[in-house]
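The values are calculated or read from the model by the stated rules, or taken from the named source; none is laboratory data. From a predicted model like this one, the values you see are computed outputs, not experimental measurements. Glycine gets a Cβ as well: all are built from the backbone with ideal geometry, and neighbour counts include every protein chain shown. Just so you know, the surface numbers come from the protein's heavy atoms only, side chains and all, with ligands and any DNA or RNA stripped out. Shrake-Rupley method; radii C 1.70, N 1.55, O 1.52, S 1.80 Å.
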Amino acid sequence: MAAQSFDMIVIGAGPGGYVAAIRGAQLGLKVAIIEREHMGGICLNWGCIPTKAMLRSSEVFHLMHRAKEFGLRAEKIGFDLDSVVKRSRAVAKQLNGGVAHLLRKNKVATFSGEATVSAPGQVVVKGAKGTETLRADNIVLATGARARELPGLEADGDLVWTYKHALVPPRMPKKLLVIGSGAIGIEFASFYNTLGAETTVVEVMDRILPVEDAEISAFAKKQFEKQGMTIREKAMVTQLDRGKGVVTAHVKQGDKLSKDTFDTVISAVGIVGNTEGLGLETLGVAVDRTHVVTDAMCRTGVEGIYAIGDLAGAPWLAHKASHEGVVVAELIAGGHPHAVDPDSIAGCTYCQPQVASVGLTEAQARERAKQHGYDIKVGRFPFVGNGKAIALGEPEGLVKTIFDARTGALLGAHMVGAEVTELIQGYVVGRQLETTEQDLMQTVFPHPTLSEMMHESVLDAFGKAIHF
């Protein structure tokens, strides 16, 4: 059978790949996409979306227990974990179908199977119906990543889980150990802790949520501990002894080695790129620590081959992958898109309380001040000073902003508290438009809203806060 020819072939139909394919088709390119498992990739099927559905269930459960505070009655409060999971899977299935529909609507040719770039401009797809060869001058690698597994801490789906097992749990954990406190680890810790699991989080770095601003991490830690979580920082799980229905974890913290037993362990110690089987070595595509090396425009250095999303390295975020997909499609179609700026991509963690940030942390800003001559100004505003937060019954939180007083540039914004994953986009837009502190100060924020805290935090950075 003769090879089918396209203008662009995308390998992987996650939030990077399917968006690249659709944008390419919109620009008049003949596009093929290859997916070995599920349309929508990990994010839609086993990541961002189903976890948010589950976290919403735990949030409602938490609020039901607080009914009395709001003048309401709720008795015999309980949950059905199978039903929580069933709802989560239904949400993922609905969106999975939506992606397939969008690809059809945009006339993107879809292929199911394992893809290998067998030669420049040529992709071999091995699927259930046999092998097909596709050709295109432009190939976009969007194969994503998977959970990292450390020796001795490998998941078995019974006692030790990855994020995937935690999304379709065989049981409700009673005593849970979460290894790693990045977004994935802390979200699952928050979910199961809220439903009643006795939860311990072990983090090898000096603080939980290590990529966040230190002040925000400390605030979040305090809230988690109030909720009954045990947090162990600068600690490492060195060994897991598995027995019948029980795991003994060996935890090294400083010079001390302790042992504790759990019925469930969730390993969330990072991710590794899906580079295997693509033929990258033969093609000469550079790979560094399981991630494909690219320039600012997602080019690999090998003519006609691009890499986007988790495969291409940090930040490992779906929205970064999608934006890179658009950039690459427009580049291939002859456009002149802007490179993605990692410092302008927001990070959101949907634990309770939520955490969101964009730009530099205070520590990073002070470090770069020496090189760039920044005059650092930091503003803060607590949720307890905001009328809407108090009315919602959510007075625990903080908004923090970091400016260069010399230019008025917003260097970073960091938040912890209710709905901050929605609020952060205001600062993201501000950074994209190169907004100054004067622009933000002169903007009228609606009242009563949580967004007023964003205004007050900016004012506070320059000694002008009204309500604090």
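Observations, loosely collected:
- Checking each residue in the stretch 105-140 for being of a type in the set (Val, Ile, Thr) and buried (at least 20 other Cβ atoms within 10 Å of the Cβ) picks out Val108, Val117, Val123, Val125, Ile139, Val140.
- Tallying residues that are within 30 Å of Gly245 (Cα to Cα) and crowded, with 20+ Cβ neighbours inside 10 Å within the stretch 270-283 yields 1.
- Any hit, the stretch 9-18, residues being within 25 Å of Gly185 (Cα to Cα), open to solvent by 20 Å² or more (accessible area, probe 1.4 Å) and in a loop (DSSP other than H, G, I, E, B): yes
- Only one of the numbered conditions (1) polar (S, T, N, Q); (2) out of contact with any strand residue (DSSP E or B) (no Cβ under 8 Å at 6 or more places or on another chain); (3) touching a residue at least 24 places away in the same chain (Cβ under 8 Å); (4) open to solvent by less than 50 Å² (accessible area, probe 1.4 Å) is not met by Ser217, and that is (3).
- Residues of the stretch 205-214 that turn out to be free of Cβ contacts under 8 Å to residues at least 60 places away in the same chain and surrounded by fewer than 24 Cβ atoms within 10 Å (Cβ to Cβ), as a count: 4
- Among the conditions (1) of a type outside the set (Asp, Glu); (2) farther than 26 Å from Ala183 by Cβ; (3) free of Cβ contacts under 8 Å to residues at least 40 places away in the same chain, the only one that Leu317 does not satisfy is (2).
- Val251 meets all of the listed conditions (1) surrounded by fewer than 18 Cβ atoms within 10 Å (Cβ to Cβ); (2) touching a residue at least 24 places away in the same chain (Cβ under 8 Å); (3) not acidic (Asp, Glu) but one, namely (1).
- Strands (runs of 3 or more DSSP E) wholly inside the stretch 266-378 that include at least 3 residues being of a type outside the set (Phe, Trp, Tyr) and either in contact with an Asp or Glu (Cβ under 8 Å, 6 or more places away or on another chain) or closer than 25 Å to Lys164 by Cβ (or both): 271-273, 347-349, 354-359
- Filtered residues of the stretch 220-248 (kept if among the acidic types (Asp, Glu), exposed (fewer than 13 other Cβ atoms within 10 Å of the Cβ) and either modelled with pLDDT under 95 or closer than 26 Å to Tyr350 by Cβ (or both)): Glu225
- Positions within the stretch 379-406 being in a loop (DSSP other than H, G, I, E, B) and touching a residue at least 24 places away in the same chain (Cβ under 8 Å), in sequence order: Asn386, Gly393, Glu394, Glu396, Gly397, Ala405, Arg406
- Residue within the stretch 28-39 that is more than 30 Å from Asn193 (Cβ to Cβ), touching a residue at least 12 places away in the same chain (Cβ under 8 Å), surrounded by fewer than 17 Cβ atoms within 10 Å (Cβ to Cβ) and not acidic (Asp, Glu) present: yes
- Taking the criterion of being part of a helix (DSSP H, G or I) and touching a strand residue (DSSP E or B) at 6+ places or on another chain (Cβ under 8 Å), the residues of the stretch 420-434 that qualify are Val420, Thr421, Leu423, Ile424, Tyr427, Val428, Gly430, Arg431.
- Test: residue in the stretch 67-79 that is outside any strand (DSSP E or B) and surrounded by 15 or more Cβ atoms within 10 Å (Cβ to Cβ): yes
- Of all residues in the stretch 90-104 being surrounded by 15 or more Cβ atoms within 10 Å (Cβ to Cβ) and farther than 23 Å from Ala25 by Cα, the one that is farthest from the chain's Cα centre (by Cα): Lys93
- Within the stretch 353-405, the set of residues being touching a strand residue (DSSP E or B) at 6+ places or on another chain (Cβ under 9 Å), surrounded by fewer than 16 Cβ atoms within 10 Å (Cβ to Cβ) and either of a type in the set (Lys, Arg) or modelled with pLDDT of 95 or more (or both) comprises Gln364, Arg366, Arg368, Asp375, Pro395, Ala405.
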